[in-house]
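One structure is given below, encoded as C-alpha cells.
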Amino acid sequence: MVTGNGRRVPLSAFATVMPSSTPLGVNHQGQFAASTISFNLAEGFSLSQATDAVKRAMAQIGAPETLQANFQGGAKAFQDSLKSQPILILAAIITIYIVLGVLYESYVHPLTILSTLPSAGVGALLALLAFKTEFSIIALIGVILLIGIVKKNAIMMIDFAIDAERRQGLSPRDAIHRACLLRFRPILMTTMAALLGAVPLAIGHGDGAELRAPLGISIVGGLVVSQLLTLYTTPVVYLTLDRWRLKVKAWRERRRGGPHGSAPAAGTESR
C-alpha cells in the first residue's frame, strides 16, 4: 500500500494474514446473502408437519428480525398449493352453478346438484386418512375430478324429475321418486365404471406409484361415500328446496299485491 507522500506501508501493519477456509461463492436471494438448509422427511411424517416443525424451531431459537427464513423447492410449492386450493375449488363450484342454472333455468335446482359435493370431499379425506396418505396436489386434482364425476348422479335424477314435472304434471315428490327408480341403474353403472377405473391408481406399485396413489385413493373414497349418500340425500334436498321455492314465490306474489293485501281477483272490479 502506498500513502500520499509515497511511503510504502506493509499489509501486516493493519491486517493479519492467516490460512483459513472460506466459501467459494456467496449465494444471494434477491439482494441479500442466503444459505440453503435442506431436510428430509422422516418415515410417517408429512410435508405439512415438517414445515410446521421448522417454523416452531425458528421461533424457539429467537432469530433476529434481520434474519429472514423462506421455504424453497417442494416446500414452497406445497405452501403455494395450500393458498390456491380454496380458490380453485370455489371457482369450480361457481362455474358449475352458472352452467347448471342456465341449463335448468333455475336458481334452486343447481343447489340440489351441488349438495352432493360435500359427501365426495368427505369420502376422499376419509380414504386418505385410512391409507395414511398426504393430501397433496395430486389428491387435490382427484377432488376436483370428483366434483365433475359425483354431480352427474344428481344431474341424472334432477333432469328426469324436472322433465316429469313440466311435461307429465307430476308432483315434486312423485317426480323425484320415479327419477330415483328409473335412474338407479345408470347411476350405479357409471359410478362403478369410474370407481373401478381408479382402483389401479390406488393400489398400483412401481416407479411413480407414490405420485399416482393419492389420485386413485381420493377418487375411490369419494365415489364410494357419495354413491351411498347421494341416493338418499338428493331427493330430500330436492323436495326441501322446492318447498322453499314455492314459499318464496308465494311471498313475492303477496308483496306484488300491495301493502294492504293481495291483488283483486281476475274478472272483478275493486271499488
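The values are calculated or read from the model by the stated rules, or taken from the named source; none is laboratory data. Owing to the predicted nature of the structure, the values given are computational and were not obtained by experimental measurement. Using ideal geometry, Cβ is built from the backbone for each residue, glycine included, and neighbour counts are taken over all protein chains shown.
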* Is the stretch 218-236 home to any residue that is more than 23 Å from the chain's Cα centre (by Cα), modelled with pLDDT of 85 or more and surrounded by 13 or more Cβ atoms within 10 Å (Cβ to Cβ)? -> yes
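Residue by residue, here is whether (1) modelled with pLDDT of 85 or more; (2) in a helix (DSSP H, G or I); (3) crowded, with 18+ Cβ neighbours inside 10 Å holds:
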residue	(1), (2), (3)
GLU134	no, no, no
LEU145	no, yes, yes
VAL150	no, yes, yes
ILE158	yes, yes, yes
ALA161	yes, yes, yes
ARG167	yes, yes, no
ILE176	yes, yes, yes
ALA179	yes, yes, yes
* Structure fact -> Residues of the stretch 202-237 being within 14 Å of ILE141 (Cβ to Cβ) and charged (D, E, K, R), in sequence order, are ARG212
* Asked: Has the stretch 240-248 got any residue that is under 28 Å from the mean Cα position of the chain (by Cα), modelled with pLDDT under 85, under 17 Å from THR112 (Cβ atoms) and among the polar types (S, T, N, Q)?
  -> no
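More than 25 Å from the chain's Cα centre (by Cα), at pLDDT 85 or above, loosely packed, with under 14 Cβ neighbours inside 10 Å and of a type in the set (Lys, Arg), is that true of ARG183?
Judged against the criteria, ARG183 is not a match.
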* Which of (1) modelled with pLDDT of 80 or more; (2) under 21 Å from GLY221 (Cα atoms) does THR95 not meet, given it meets every other one? -> (2)
